[in-house]
Structures are given as C-alpha cells and as structure tokens.
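Throughout, read-outs are computed from the coordinates displayed, never taken from laboratory work. Since we're looking at a predicted model, the values are computed, not measured. Every residue, glycine among them, receives a Cβ derived from its backbone with ideal geometry; neighbour counts consider all protein chains shown.
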Amino acid sequence: MQRITSPLLALLLIIVGCDRAPVSPKTVRSHDATGIIREFSTDGHSVVIRHDEIPGVMPKMTMTLNVRDSNSLNGLREGDGVRFRIHIGADEHWIDSIERTGHQTPKAPASASIRQTGSELTNGQMMPDFEWLAEDRSIRRISDYRGNSVAFTFVFTRCPLPEFCPRMTRNFHDARELLLKNSDGSTRWKLLSLSFDPGFDTPEVLGRYAEASREGVSTGWSFGVLSANTLSNIAPRLDLRIVPDSDGFSHNLRTVVLDATGRIHRQFDDNGWTATELAKTLLEASRSR
C-alpha cells in the first residue's frame, strides 16, 4: 500500500503543532510522559489516560493508549497517577515502563459526551441529511452528494497517534490514489473527512491540513468541520462515541459509505480496514440507483 511521502508527513506534523522530524517506517521515537488513568479495556491491551503535555509530541489530552504487555497494568486502578514511556512509530504506538505515582478520586463520566440515546442506522437505511462548514467556509450538506457514492470519516487534526485519525487520513489518501488509477476517469465517488473539533479546526486549519493530506490535488476529497449540534444528532445513529475534555477527545473510529441514493452501503468500524477495501466498496456503491 502506498504511503504518504515524507514531505507530507513533515507538513502534517507542523500543522498539528509538532516540530519533530518525519517518522520513517523503521523509526520509533520514545518519550517520557505522566498522566492519570481514566479507564481500562476489557482485554488489557489498552488504557485510557488523561496525560500531561508531551513536549514536541502532543498537548495535554485524554487518549486510548496501547499496551503490549497486559501484565504492566497489574495493580493499577482508575484514578492512579502514572509515569510511563510512549513509543510512536509510523504505523503504531504503545506504552510501557508504567509506574504508579499516586491516586486521585476518579471523576464522573463527562456530561458533555457526544454520545446520546438514539437508534443506530444499518445498511440499506437512508442517512439523515446533515451539514458542515467546509474548508472554503461554504455550508455543505450530505444531500449535495446524491448521485455519487460517498465515504465519510471522522477525525480531528490534533490527533497524534498513528492508528487513529492519521490512519484514517492515510487510508483516504491511498484509496483515492487507487480510485483515480482504476475508475477509468470517472469520479462518481467522493471522500469526505469531517472534523469533530470545531473549537480548533477552523476552515483555515482544515485548509492547510487538507492541502498536505491531498498533496495539492483536491479531486474527489473534501474536508469540513461539524458543529456540536450536528454531532449530537448523527453520532448516536452511527455508534460514534466522542468524549471531549478540556484539551482533546477520547473517541472511537467510524467510516461510512453511502450509495448514490444516499443509503448506507457499508460501515467500517475501528481501523482494521484497508484502502483497497474502501476503494472497492466506493465503486460498488456508485453503481446503486
């Protein structure tokens, strides 16, 4: 699978406020960090930590961090302060050397969680219309794309870990490359990256991020930012879970493909899907009438 070029990675890192050098496929950078444990996964291979700023890497925020050795979490509980090492490569990250430093009473779950009660949509159902602010400051609606298949995913530009938003962006980049090469000139498909961080991802920020992600070619791929009200309406319909805190978000990953009539053709959960799968699905969905 084609990778984003090093100049693009360098520009993306500058956009999100990181001045470090690009990561080659074999390079892993390691950093000391501190934070407070918020939640454990059931399989023991990840933990939610509200970490302090990691200079040159990411600002203070709450993130789900991978743990290779589940035994390293033994004896820890929610509310524990911890020191740890975070290792970041081109395609993955993990933490180790976890040490308890103290304890704080865990806070109640954030009342501002985007997730609300609602009926989740399934394949074949019509996607409700919704709008966003585009990178060029125009207001767009999903109904504007009728007649084309559409893949949309949810990101925020400050997301630093390679398996999360950066992978969604890379997969969209690679899927578009495949589509442009193999769809005999047709662009009856569209890619749409939607930010859920309206406080930071202004059209100007999105424009720079989009320019770097698309490598100067805008064909078939647009960026925009959703309002909090819009997110509250569509997130529960897609099982999209976003919990904001003062400095970032804890969130899952959701990518949706609509057919040319606006119905859900397929949903990709998490990050295990490939650019090839997405390109094939978009072409299939573009033939629906």
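Classify segment 28-103 from the C-alpha gyration tensor, please: rounded if a/c falls under 1.5, else prolate or oblate depending on whether a/b exceeds b/c.
Working: a/c = 1.67, a/b = 1.22, b/c = 1.37.
Oblate.
Of all DSSP beta bridges in segment 131-286, what percent run antiparallel (nearest 5)? Please report the intermediate quantities before stating the final value.
Details: 17 of 29 bridges.
So the antiparallel bridges amount to about 60 percent of the total.
In whole angstrom, how far apart do the alpha carbon centroids of segment 184-216 and segment 80-97 sit?
Spelled out, the Cα-based centre of one part sits 29 Å from the other.
Give me a comma-separated list of calculated 3J(HN,Hα) values for segment 64-70, in order, Karplus coefficients 6.51, -1.76, 1.60 applied at θ = phi - 60°, integers in Hz, x for any Gly or Pro.
Once rounded to whole Hz, the list reads 8, 10, 6, 10, 6, 9, 4.
Given segment 28-103, what percent of its DSSP beta bridges are antiparallel, to the nearest 5? Mind dumping the intermediate values first?
Details: 28 of 29 bridges.
For segment 28-103, the DSSP antiparallel bridge percentage is about 95.
For a test of the definition: using alpha carbon positions, the gyration tensor, and the 1.5 limit on a/c, classify segment 131-286 as rounded, prolate or oblate.
Values: a/c = 1.43, a/b = 1.37, b/c = 1.05.
Since a/c stays below 1.5, the shape of segment 131-286 is classed as rounded.
Taking amide H positions as placed 1.01 Å from N in the peptide plane, with prolines and chain starts having none, which residues 5 or more places from residue 268, or on another chain, fall under 5 Å of its amide H?
Under 5 Å from the amide H of residue 268: 255, 256, 257.
Could you order the peptides 219-229, 50-60 from most to least packed, using the average number of other C-beta atoms within 10 Å per residue? It would help to have the intermediate numbers written out before the result.
Values: 219-229: 18.7, 50-60: 17.2.
Descending packing order for the listed peptides: 219-229, 50-60.
Would you list 84, 40 from fewest to most Cβ contacts within 10 Å?
Values: 84 20, 40 17.
Going from sparsest to densest Cβ surroundings: 40, 84.
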